Each structure stands twice: as structure tokens, then as C-alpha cells.
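First the structure, in the form of C-alpha cells, and then the observations on it.
Just so it is clear, none of the values below were taken in a lab; they were calculated from the coordinates. Owing to the predicted nature of the structure, the values given are computational and were not obtained by experimental measurement. Because the Cβ atoms are built from the backbone with ideal geometry, glycine has one as well, and the counts that use them run over all protein chains shown.
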Amino acid sequence: MKGKAIAENAVVEFHNRLNAQQCNEIYEQSDNRFKQKHGKNDAINACKTIHKQFGQVKSSSLLEYKINSTPTETLATLKYTTEFSQVSISEEFVFVIEGDRARILEYSLIQ
């Protein structure tokens, strides 16, 4: 379950960066397919909007996860319930696992 631990650590890093409003760093560390799907300015503005509307991440709890490995890549999908300072909401992350690193492929809020 190495992929799960790597992805969970990436969620912690994402939340820490979100709290610090390091939206550019989140974008720069994302997978190239994320960057192709989401323009830099749009992604950074969305990140800033999440922080502005929801506030700081206070805690998060893993609801479920799935690891899919193929000969060419490993994907980790994790769903969390996250308590922000202003609201609790569900988040879904999809990471590409590359060695000991995870890069965001997809991120969504589920209300």
C-alpha cells in the first residue's frame, strides 16, 4: 500500500499549501494532464476562491481510496471529508504515483 501512503502525504501537502495560499506551487507540482485541462490562471484563481470561500483546512478524514496500477502508471483516487473553517465538504483527489511522488491529475469538490 505504498501508493496509498504517498497519496495521503500528497493530500496533507495540498492542504498545507492551500492554507498558505501557495496556489502557484500546487499548479506547478500537478501532472501535465492537469495543466493541459486547466489553464494556469484558471486553476490558480479556483484555488484562491476555495481558500476565500471555505477558509483554512482544519481537519480531513479519508472516506475511501482506490489504487489502480497498469504497466504504464499507478493512479490513486482518494475521497475525503474535509472541515474548513467555514464549511465541511467532500473532496476527491486523483494522483499519479511516480516513484515516491504523487502529482495531482484531478481535484474536485463534492457538495
- Query: Residues with amide H under 5 Å of T74's amide H, sequence separation 5 or more or different chain, H placed in the peptide plane at 1.01 Å from N; which?
  - Reply: I97
- Message: Nearest 10 degrees is fine. How inclined is helix 40-54 to the longest principal axis of the chain, computing both from alpha carbons?
- Response: 60 degrees
- Message: As I understand it, the value is the acute angle between the Cα axis of helix 2-19 and the longest principal axis of the Cα atoms of the chain; what does it come to in degrees, rounded to 10?
- Response: 20 degrees
- Given a cut-off of under 8 Å on Cα pairs at least six residues apart, what relative contact order in percent is computed for the chain? 26 percent
- Message: Let's see if you can work this out: charge +1 on each Lys and Arg Cβ, -1 on each Asp and Glu Cβ, no other charges. What is the dipole magnitude of the range 1-51 about its Cα centre, in debye to the nearest 20?
- Response: 140 debye
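Above 22 Å lies some portion of the pair distances; for the chain, what is it as a whole percent of all C-alpha pairs?
On the way: 1680 of 6105 pairs.
Every Cα pair in the chain considered, those over 22 Å come to 28 percent.
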- Query: Residue by residue through the range 55-70, which ³J(HN,Hα) values in whole Hz follow from phi under the Karplus form 6.51 cos²θ - 1.76 cosθ + 1.60 (θ = phi - 60°), with glycine and proline marked x?
  - Reply: x, 6, 6, 9, 6, 9, 9, 5, 8, 7, 8, 8, 10, 10, 10, 10
- Charge dipole magnitude, Cβ of K and R +1, D and E -1 - the range 1-107, Cα centre, debye nearest 20: 140 debye
